[in-house]
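To start, the structure under review is shown below, and the notes come after it.
FYI, it's all coordinate maths here, none of it is from the lab. Values in this document were obtained by computation on a predicted structure and should not be read as measured data. Positions of Cβ are backbone-derived with ideal geometry, glycine not excepted, and every protein chain shown enters the neighbour counts.
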Ligand SMILES: *Cc1c(COP(=O)(O)O)cnc(C)c1O
């Protein structure tokens, strides 16, 4: 992870100020994030998982109330819903964007469903033109797991502007504070409650309004993110150019499905994820190993559907099912390097290596 100029100076300034905890840098970070998502409020928290927990908690669900989400996601999505006390139900993903399929969500909704939680996987926003009206029809709140989608848009609207938007600032994410999270919303009352919830439920000193948490972010962390936000547009352009070069170089290979930026969406390419199908010359895992031998890193995000582990089997608040599109993605997905510090020559090595291993 490389950080842009200004980060060291910004962090030093906070160190020398002697005020390390939540303060003016966190406020500046919130303002920048609200602008990026195009909403009136952003509330910084200590990580992306607690952003999701807080978003579910402020909706005041009752025991047995359900959140419908994607089975093809990082485990934090599932853990946050459970931590907030809700029941998780899944809806299969669409092959085109790896995000929940609105028709599957519609079919999964029960009388206990209160929330739909799309995951904007790999940096592309889920199909909100179908999910937003669907949520309206069923009276559901929308919580976006936008951890991977900082700055992405759908029909000109920012990720995080369709309901409560939850972002992660973890070390591997597009903007990072090591650990950190942000919740965005246009709802004044929810924003207010989120600010109280993250601070022990305390509005004024020792005036408690709810059983809260310590979910605060520190100024030391916010100082890391501010210079990154200043150059983020530039970095997303690099990611887009890198993805375009990969797509041009990798097209037409038997058994290899390339990711697409769908019409009306601006993808921020947190990951560039291909599918290695059964018609390919080698399996996904063989391709990954052969790339590693050539010095090309790749990653599997994620190797199984999220609930397919012993610790969730038989869990009273995890409702499972058959999700063939998600299962196929889990067995075939492979993410290739796309980060903004790659040179064209680096990308050409990735392309040539994949072509060679797949005999193309
Ligand atoms: C990273 C991530 C999270 C959790 O964020 P943390 O900051 O690591 O807690 C949640 N959902 C998805 C899809 C993520 O990629």
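Per-residue extension of 0.36 nm, minus the Cα-Cα distance of residue 16 and residue 172, leaves a gain of 53.4 nm for this segment.
Ordered from longest to shortest, the equivalent ellipsoid semi-axes for region 7-230 are 29, 20, 14 Å, each the square root of 5 times a Cα gyration tensor eigenvalue. Calculated [222 nm] ellipticity per residue, helices only, for the chain: -11500 deg cm²/dmol; basis is -39500 (n - 2.57) per DSSP H run with n ≥ 4, divided by all residues, nearest 500.
Normalized C-alpha radius of gyration of region 213-267, against 2.2 N^0.38 Å? Please list the in-between numbers first.
Working: Rg = 17.6 Å, N = 55, 2.2 N^0.38 = 10.1 Å.
Computed over Cα atoms of region 213-267, the ratio equals 1.74.
Put simply, when 208-221, 27-40 are sorted by average Cβ atoms within 10 angstrom per residue, most first, you get 27-40, 208-221. Peptide packing for 11-17, 97-103, 244-250 was compared via the average number of neighbouring C-beta atoms within 10 Å per residue; ordered from the highest value, the list is 97-103, 244-250, 11-17.
Here the Kirkwood formula, the inverse mean of 1/r across different C-alpha pairs, assigns region 233-357 a hydrodynamic radius of 15.8 Å.
Could you rank the peptides 311-318, 142-149, 173-180 by their average count of other C-beta atoms within 10 Å per residue, with the highest value first?
On the way: 311-318: 12.4, 142-149: 28.4, 173-180: 21.5.
Output ranking for 311-318, 142-149, 173-180: 142-149, 173-180, 311-318.
Which whole-angstrom value gives the distance between the alpha carbon centres of region 204-257 and region 138-156? When both Cα centres are located, 14 Å separates them.
Please state, to two decimals, what the Cα-based radius of gyration of region 78-156 comes to when divided by 2.2 N^0.38 Å (N = residues). Each step should come with its number before you reach the end.
Working: Rg = 12.1 Å, N = 79, 2.2 N^0.38 = 11.6 Å.
In units of the 2.2 N^0.38 Å rule of thumb, it is 1.05.
Taking every alpha-carbon pair under 8 Å whose residues sit at least 6 apart, region 41-159 reaches a relative contact order of 23 percent.
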